[in-house]
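Participant: Below: one structure in structure tokens.
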Amino acid sequence: MLELAKTILAAAVLALSAAACGAADLAAYRVENGGVAAPLTDEPGNPARGRQIVRDMGHVTCLICHRMPIPEEPDHGEIGPSLEGVGSRLSVAQLRLRLIDSKQVNPDSVMPSYYRTGGFTRIGAQFEGRPIYSAQQIEDVVAYLALLKDK
Amino acid sequence: MRDVTRPLAIKLLFGLAALAAIAGSVAVGQTQAPYEVEGRKSGYLFMTPATRSLQDDEFQNPGMFIVERGRDLWNRAEGPDGKSCASCHGDAEASMPGVAARYPVFDPAANGLVNLEMRINAERAAHMKAPPLKYESEDLLALTTYISMQSRGQPVNVAIDGPAQPFFEQGKTFYETRRGQLDLSCGQCHEDRVGMKLRGDVISQGQLNGFPIHRLSWRAMLSRHRIFAWCNTSVRSEPYELGSPEYLALELYVAWRGRGLPIEAPAVRR
């Protein structure tokens, strides 16, 4: 019940902020039941590419905060939960919303919103108006995460 | 430059002698405030034993080399009247203890906050008619470190009342504001996630008592405002100018967060 209310609220807030900030160049998406069911792009996500992107420092690597099954990378962070098995815990729709804008899952989240351009304070000039991930990169990473099943 | 041409053996001898003199003078008769006061913890406590002993060893602490330069600058006459800091303040070891622990302070002349770096430049302007040293230059870092070192072991004790109070509030707001594309406030890391691993770093309380610090991973000395800029840039937020009113207010607030912690300059950090 609470979850549902949250979802509706989040969608409303998003609609407002999208209108206010004119985030026109982002692909439109719909938040329903705590997730985003429809892919942002026509091209299906490529998990191999996704595995590369999540390691990339230039794209705020998830490894800053998460342990991931990427043994060749040192120093996995411990700010968020381990992402091992996350594809068994969460649906593709939930993973997609979590990546697009974690604040819509948890307003207090410290996880960055990877596909949002509005509502920041004193954002670095070179990042203004540019989400951390492109729509295709969101799809690639979602496809990768979905494969991280419990053994 | 001078260092490169001097034969290594002489350089070492000279360096060691100077450091021994400095180390001796600091150790005498000073009380050492504890590294933890009522839950407030120095960054020292988040370092490995190896890094701690590097800091503790006057001869191996890589930050000590800049101290030698700071002392040269203290004694060097500049400007038309041929004055040095020492002309008026004499021995820094006698005149400067306790000063760094009180900064930043409200300065009626500036009608705002000044930190140690700005105070040094104000002294140069007013009393020596010498040009300012560039923020984050070797020279300004050296003098700041040399003066700060005279307060080693003394507890941080900044005034936040009276005319300083509005600046304190401004700094607190800065500290608590989420910023940048990663949308994080200082406190979300340095209060809420202390001790957790952020990639290769362990998040400390982000205290200032060690500054200027030598950061091993950068092989460089850095000022308080430089780490502010770095922490801002890390969350993809536009940094402010070093020496800006915003960072001065932040410096006052963050120094207050670490009240009672010992001045450690030059501290050694990862």
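Participant: Considering only segment B:215-231, state which residues are surrounded by 23 or more Cβ atoms within 10 Å (Cβ to Cβ) and either part of a helix (DSSP H, G or I) or among the aliphatic types (A, V, I, L, M) (or both).
Facilitator: B:Met221, B:Arg224, B:His225, B:Phe228 - these are the residues of segment B:215-231 that are surrounded by 23 or more Cβ atoms within 10 Å (Cβ to Cβ) and either part of a helix (DSSP H, G or I) or among the aliphatic types (A, V, I, L, M) (or both).
Participant: Kindly indicate the residue of segment B:192-210 that is small (Gly, Ala, Ser) and closer than 19 Å to B:Leu222 by Cβ and also farthest from the other protein chains (Cβ to nearest Cβ) among those meeting that condition.
Facilitator: Across segment B:192-210, the extreme among qualifying residues is B:Gly210.
Yes/no per residue for (1) surrounded by fewer than 18 Cβ atoms within 10 Å (Cβ to Cβ); (2) on the phi > 0 side of the Ramachandran plot; (3) not assigned by TED's automatic domain parsing to the domain that holds B:Arg76:
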| position | (1), (2), (3) |
| --- | --- |
| B:Glu123 | yes, no, no |
| B:Leu133 | no, no, no |
| B:Thr144 | no, no, no |
| B:Gly153 | yes, yes, no |
| B:Asn157 | yes, no, no |
| B:Asp161 | yes, no, no |
| B:Pro166 | yes, no, no |
| B:Glu176 | yes, no, no |
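Participant: For the structure I just gave you, tell me whether A:Gln126 is free of Cβ contacts under 8 Å to residues at least 12 places away in the same chain, closer than 30 Å to B:Thr177 by Cα and in a helix (DSSP H, G or I).
Facilitator: Yes: the conditions hold for A:Gln126.
Participant: In this structure, is B:Arg102 in contact with a Phe, Trp or Tyr (Cβ under 9 Å, 6 or more places away or on another chain) and either in contact (Cβ under 8 Å) with a residue 12 or more places away in the chain or crowded, with 17+ Cβ neighbours inside 10 Å (or both)?
Facilitator: no
Participant: Does segment A:43-59 contain at least one residue that is under 14 Å from the mean Cα position of the chain (by Cα) and within 14 Å of chain B (Cβ to nearest Cβ)?
Facilitator: Yes, some residue in segment A:43-59 is under 14 Å from the mean Cα position of the chain (by Cα) and within 14 Å of chain B (Cβ to nearest Cβ).
Participant: Mind checking which residues of segment A:62-114 are facing another protein chain (nearest Cβ under 10 Å), part of a helix (DSSP H, G or I) and of a type in the set (Ser, Thr, Tyr)?
Facilitator: A:Ser102
Participant: I've got another one for you. I'd like the full set of residues that are more than 21 Å from B:Arg178 (Cβ to Cβ), surrounded by fewer than 19 Cβ atoms within 10 Å (Cβ to Cβ) and in contact (Cβ under 8 Å) with a residue 12 or more places away in the chain, limited to segment A:59-77.
Facilitator: A:Arg67, A:Pro69, A:Ile70, A:Glu73, A:Asp75
Participant: Still on this structure, please answer the following. Just checking, which of B:Leu252, B:Leu242 is outside any helix (DSSP H, G or I) and either within 23 Å of B:Gln32 (Cα to Cα) or not hydroxyl-bearing (Ser, Thr, Tyr) (or both)?
Facilitator: B:Leu242
Participant: Right, another one. Looking only at segment B:178-191, how many residues end up being more than 8 Å from chain A (Cβ to nearest Cβ) and either in a loop (DSSP other than H, G, I, E, B) or buried (at least 18 other Cβ atoms within 10 Å of the Cβ) (or both)?
Facilitator: Qualifying residue count, segment B:178-191: 5.
Participant: Give the residues of segment B:97-121 that are assigned to a helix (DSSP H, G or I) and either of a type in the set (A, V, I, L, M, F, W, C) or not assigned by TED's automatic domain parsing to the domain that holds B:Asp161 (or both), sorted by residue number.
Facilitator: Once the filter is applied, which keeps residues that are assigned to a helix (DSSP H, G or I) and either of a type in the set (A, V, I, L, M, F, W, C) or not assigned by TED's automatic domain parsing to the domain that holds B:Asp161 (or both), segment B:97-121 yields B:Val99, B:Ala100, B:Ala101, B:Leu116, B:Met118, B:Ile120.
Participant: So, one more: Condition first: in a loop (DSSP other than H, G, I, E, B) and without any contact (Cβ under 8 Å) to a residue 60 or more places away in the chain. Now tell me which residues in segment B:49-76 satisfy that.
Facilitator: Once the filter is applied, which keeps residues that are in a loop (DSSP other than H, G, I, E, B) and without any contact (Cβ under 8 Å) to a residue 60 or more places away in the chain, segment B:49-76 yields B:Asp57, B:Glu58, B:Phe59, B:Gln60, B:Arg76.
Participant: Could you check segment B:129-177 and list, in sequence order, the residues that are assigned to a loop (DSSP other than H, G, I, E, B), in contact (Cβ under 8 Å) with a residue 40 or more places away in the chain and β-branched (Val, Ile, Thr)?
Facilitator: Taking segment B:129-177 and keeping what is assigned to a loop (DSSP other than H, G, I, E, B), we get B:129-137, B:150-154, B:156-161, B:177.
Those still in the list that are in contact (Cβ under 8 Å) with a residue 40 or more places away in the chain too: B:129-130, B:135-136, B:150-154, B:156-160.
Within segment B:129-177, B:Val156, B:Val158, B:Ile160 qualify.
The values are calculated or read from the model by the stated rules, or taken from the named source; none is laboratory data. Since this is a predicted model, take the numbers as computed values, not measurements. Here Cβ is always computed from backbone atoms with ideal geometry, including for glycine, and neighbour counts include all displayed protein chains.
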